[in-house]
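Asks: The structure's right below; bear with me while I get my questions together.
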């Protein structure tokens, strides 16, 4: 069975600041990041949908102890964002001093631009993720 | 389906960096378990071994084959289980199924890890491989980060001020160290204070060092036998009366439940249903306290306390000996240590000794039914076992 939207296609689109998801023709649910089946009903009749990249921060953490290879980025902020279309995605938060972020950031509206993890000796190449910032 | 008993258990002392290899550490635990079962390695019909990172820590894949050979269980079928931190628990689950099915009468299950050997940067990197490499690792996810995200979400969802939640979380770690100080096999055998927790460095906000379990080296093993064989081998068989397992996708895909863990709730329900038991029947529990917040979430998912109230229960002493549900009397992952591939069977080791009444000052008097709870990745693999005294 073919992938409607593969990891590589999703990642390449994200690098161009396009956040792509899949809309289920059966139940209407948006699945992002992509899967071969709808994240709610497991239906496989899916259409590619471009998402707004806007949403609301649900939770966050600031990482002070990095994995091997991520030392130069540390400290950095990871967020889970509920997109306006419904799904949650994991990304980073820019535009705030990482060690100044508090619980107050939860519920804040955010917009998105892309950032790319260039890959390391363990990963299968690079991978993009959303880099969120607070909406003005 | 036949009844299945645990007839012998073994574990090494859990520790920091060891010179011993994975195969050697597992063999120590395995020989103790086999000897305690009044068996010899030649009686073992199959080996199911949990190991996550041998490839990275020692350049060793398929340690199970070398371990079987090393202990003298020549040419038996040997399988490796990788379910991140739940690997060995899943190995016990499968061992149970094969003995219950009648194909084998005697199976050795266990786990081993040399995580401390890797050092923090590589261990942090390789542990994070239990998260989604496509959609989580690019953002720099680590295991403390997963539970740090859950801690803030928990505080927000249940309306608990973060400072109050952090004190509740600290009490979890203080309790684990209290019992770890009384377990000669624990990685850390020292008590800690609230000040120790709050003065430790920040790992992933809001989790400080003492909210986190360590990287450890160690091995553990259990011998499973059919009821018929068990009755001849020991007068204290511990029966596996319930098993449950479940899986889940990456953390954001679990959004409809978080900070509850759906895979744990499904896994626990399967184990309770199979055993015909519920949370009220459990006398003692070893749960997956990889981070202090993880304990609060687990206590609720397993049905011991209402959602959002586990922290208060911990502060009231409900999770210590004499409380409603004593947990992690081994010291838990926090103080006993967390050699991830070995953790599931180390939890079983503690519960078996509790049910046999062998835990000294950590003993829950008269414990008849115990439970283990093991979580792998960001809840990608969940496994629960319910054990019952057979005498």
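The values are calculated or read from the model by the stated rules, or taken from the named source; none is laboratory data. Here the structure is a predicted model, which is why all the values come from computation and not from measurement. Every residue, glycine as well, gets a Cβ built from its backbone with ideal geometry; the counts of neighbours run over all protein chains shown.
Asks: Which condition number does residue B:62 fail, the rest of (1) farther than 20 Å from residue B:337 by Cβ; (2) touching a residue at least 24 places away in the same chain (Cβ under 8 Å) being met?
Replies: (2)
Asks: While we're here: Before we move on, is residue A:28 closer than 27 Å to residue A:107 by Cα and buried (at least 19 other Cβ atoms within 10 Å of the Cβ)? Write out each step before concluding.
Replies: Working: closer than 27 Å to residue A:107 by Cα: yes; buried (at least 19 other Cβ atoms within 10 Å of the Cβ): no.
When the stated conditions are applied, residue A:28 does not pass them.
Asks: From B:179, B:210, which residue is within 14 Å of another protein chain (Cβ to nearest Cβ), buried (at least 18 other Cβ atoms within 10 Å of the Cβ) and within 21 Å of residue B:326 (Cα to Cα)?
Replies: After ruling out the rest, the residue left standing is B:210.
Asks: Does residue A:30 qualify as being more than 7 Å from every other protein chain (Cβ to nearest Cβ) and in contact with a helix residue (DSSP H, G or I) (Cβ under 8 Å, 6 or more places away or on another chain)?
Replies: Taking the combined requirement at face value, the residue does not satisfy it.
Asks: From B:87, B:101, B:37, grab the single residue that is farther than 20 Å from residue B:130 by Cα, in contact (Cβ under 8 Å) with a residue 40 or more places away in the chain and crowded, with 24+ Cβ neighbours inside 10 Å.
Replies: Values: B:87 fails: farther than 20 Å from residue B:130 by Cα; B:101 fails: crowded, with 24+ Cβ neighbours inside 10 Å.
Answer to the check: B:37.
Asks: Further question on the same structure: Which numbered condition in (1) more than 23 Å from residue B:153 (Cα to Cα); (2) more than 11 Å from every other protein chain (Cβ to nearest Cβ); (3) touching a residue at least 12 places away in the same chain (Cβ under 8 Å); (4) assigned to a loop (DSSP other than H, G, I, E, B) is the only one that residue A:53 fails?
Replies: Of the numbered conditions (1) more than 23 Å from residue B:153 (Cα to Cα); (2) more than 11 Å from every other protein chain (Cβ to nearest Cβ); (3) touching a residue at least 12 places away in the same chain (Cβ under 8 Å); (4) assigned to a loop (DSSP other than H, G, I, E, B), the odd one out for residue A:53 is (1).
Asks: Sticking with this structure for a sec: Please indicate, with yes or no, whether at least one residue in segment A:126-134 is surrounded by fewer than 16 Cβ atoms within 10 Å (Cβ to Cβ) and either facing chain B (nearest Cβ under 7 Å) or within 30 Å of residue B:59 (Cβ to Cβ) (or both).
Replies: Yes, there is a match, as at least one residue in segment A:126-134 is surrounded by fewer than 16 Cβ atoms within 10 Å (Cβ to Cβ) and either facing chain B (nearest Cβ under 7 Å) or within 30 Å of residue B:59 (Cβ to Cβ) (or both).
Asks: Out of everything in segment B:275-314 that is surrounded by fewer than 16 Cβ atoms within 10 Å (Cβ to Cβ) and in contact with a helix residue (DSSP H, G or I) (Cβ under 6 Å, 6 or more places away or on another chain), what residue ends up being nearest to residue B:127 (Cα to Cα)?
Replies: Looking at residues that are surrounded by fewer than 16 Cβ atoms within 10 Å (Cβ to Cβ) and in contact with a helix residue (DSSP H, G or I) (Cβ under 6 Å, 6 or more places away or on another chain), I get B:307.
Asks: Given (1) free of Cβ contacts under 8 Å to residues at least 60 places away in the same chain; (2) surrounded by fewer than 22 Cβ atoms within 10 Å (Cβ to Cβ); (3) part of a loop (DSSP other than H, G, I, E, B), identify the lone condition not met by residue A:85.
Replies: Only one criterion in (1) free of Cβ contacts under 8 Å to residues at least 60 places away in the same chain; (2) surrounded by fewer than 22 Cβ atoms within 10 Å (Cβ to Cβ); (3) part of a loop (DSSP other than H, G, I, E, B) is unmet by residue A:85, namely (1).
Asks: Filter segment B:184-196 down to residues that are out of contact with any strand residue (DSSP E or B) (no Cβ under 8 Å at 6 or more places or on another chain) and either in contact (Cβ under 8 Å) with a residue 24 or more places away in the chain or outside any helix (DSSP H, G or I) (or both), then give me how many there are.
Replies: 9
Asks: Kindly list the number of the only condition in (1) touching a residue at least 60 places away in the same chain (Cβ under 8 Å); (2) under 19 Å from the mean Cα position of the chain (by Cα) that fails for residue B:122.
Replies: (2)
Asks: Now for a separate question. Kindly check whether there is at least one residue in segment B:151-158 that is under 21 Å from the mean Cα position of the chain (by Cα) and at pLDDT 95 or above.
Replies: Yes, there is a match, as at least one residue in segment B:151-158 is under 21 Å from the mean Cα position of the chain (by Cα) and at pLDDT 95 or above.
Asks: Against the definition (over 29 Å from residue A:11 (Cα atoms), more than 14 Å from every other protein chain (Cβ to nearest Cβ) and surrounded by 21 or more Cβ atoms within 10 Å (Cβ to Cβ)), how does residue B:67 come out, yes or no?
Replies: Working: over 29 Å from residue A:11 (Cα atoms): yes; more than 14 Å from every other protein chain (Cβ to nearest Cβ): yes; surrounded by 21 or more Cβ atoms within 10 Å (Cβ to Cβ): yes.
In short, yes.
Asks: If I filter segment B:152-168 for residues that are part of a loop (DSSP other than H, G, I, E, B), within 14 Å of chain A (Cβ to nearest Cβ), in contact with a helix residue (DSSP H, G or I) (Cβ under 8 Å, 6 or more places away or on another chain) and surrounded by fewer than 23 Cβ atoms within 10 Å (Cβ to Cβ), do I get at least one hit?
Replies: yes
Asks: Among the residues of segment A:100-122, which ones are over 20 Å from residue A:17 (Cβ atoms), outside any loop (DSSP other than H, G, I, E, B) and at the interface with another protein chain (Cβ under 8 Å from one of its Cβ atoms)?
Replies: A:103
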